Amino acid sequence: LAARVRFAGTVEDMPALLAASSGVLFPARSLYAKSDVPIVLLEAWRSARPVWVSDLPPLSELTQGLDAVLPNEAAAWAEAVRRIPAEGASLGAAGRIRLLDRYTARGMRAAYDALYDEVEAGRTARAR
């Protein structure tokens, strides 16, 4: 795998790197003080690149149902790289569908509107 895997470190042009990539592996061991979704994963899905993530929330929540969550074991990550030729296109397409369904500006606004409506309804009910 060494000839096919590259650890990029700091990246100056993420869209160019994603365009040149076959997939994205995000083996985070901690998301200390971070509770949102890493934008690079959404950018990868925008380009229909497959994404595999660690089994940490919110990463596991982001990819729930896509069979893209991996344990903190090197063998599992190496196996994900080997699966890219066979499964990468379908996983990337599923990620793009997830992005368009949940993470567009309109979709996020609708989700926040629903959340605020729910909170307001509870507040109104308690005030009665």
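Placing a pseudo-label 7 Å from each Cα along the Cα-to-Cβ vector at Asp13 and Asp55 gives an inter-label distance of 3.9 nm.
Where does the longest stretch of the chain lie that holds no GluC sites (Glu not before Pro) found in a DSSP loop with 16 or fewer other Cβ atoms within 10 Å? By the stated rule (loop sites, at most 16 other Cβ atoms within 10 Å), 13-72.
Average the reciprocal distances over every distinct pair of alpha-carbons in the chain, invert the result, and give the Kirkwood radius in Å. Walk me through the intermediate numbers first.
Details: mean 1/r = 0.0617 Å⁻¹.
Kirkwood hydrodynamic radius for the chain: 16.2 Å.
List the DSSP H helices in the chain whose Cα atoms stretch 24 Å or more along the helix axis and whose mean Kyte-Doolittle hydropathy is at least 0.0. Answer set is 74-102. Note on the range 75-128: with neighbouring protein chains present and a 1.4 Å probe, carbon and sulfur make up 56 percent of its accessible heavy-atom surface.
Solvent-accessible surface of the chain, taken per residue with a 1.4 Å probe and all protein chains present: 68 Å².
A crude spin-label estimate for the pair Ala127 and Ala20, with each label 7 Å from Cα along the Cβ direction, gives 5.7 nm.
With contributions of -39500 (n - 2.57) from each DSSP H run of at least four residues, the per-residue ellipticity at 222 nm computed over the chain stands at -17500 deg cm²/dmol. FRET efficiency for the pair Gln64 and Asp117, taken as 1/(1 + (r/R0)^6) with r the Cβ-Cβ distance and R0 = 25 Å, rounds to 0.55.
The values are calculated or read from the model by the stated rules, or taken from the named source; none is laboratory data. It should be emphasised that the depicted structure is a prediction, and the values quoted were computed from it without experimental measurement. We place every Cβ from the backbone using ideal geometry, glycine too, and count neighbours over all the protein chains shown. Quick note on the areas: whole protein, heavy atoms, side chains included, nothing else; ligands and nucleic acids left out. Shrake-Rupley method; radii C 1.70, N 1.55, O 1.52, S 1.80 Å.
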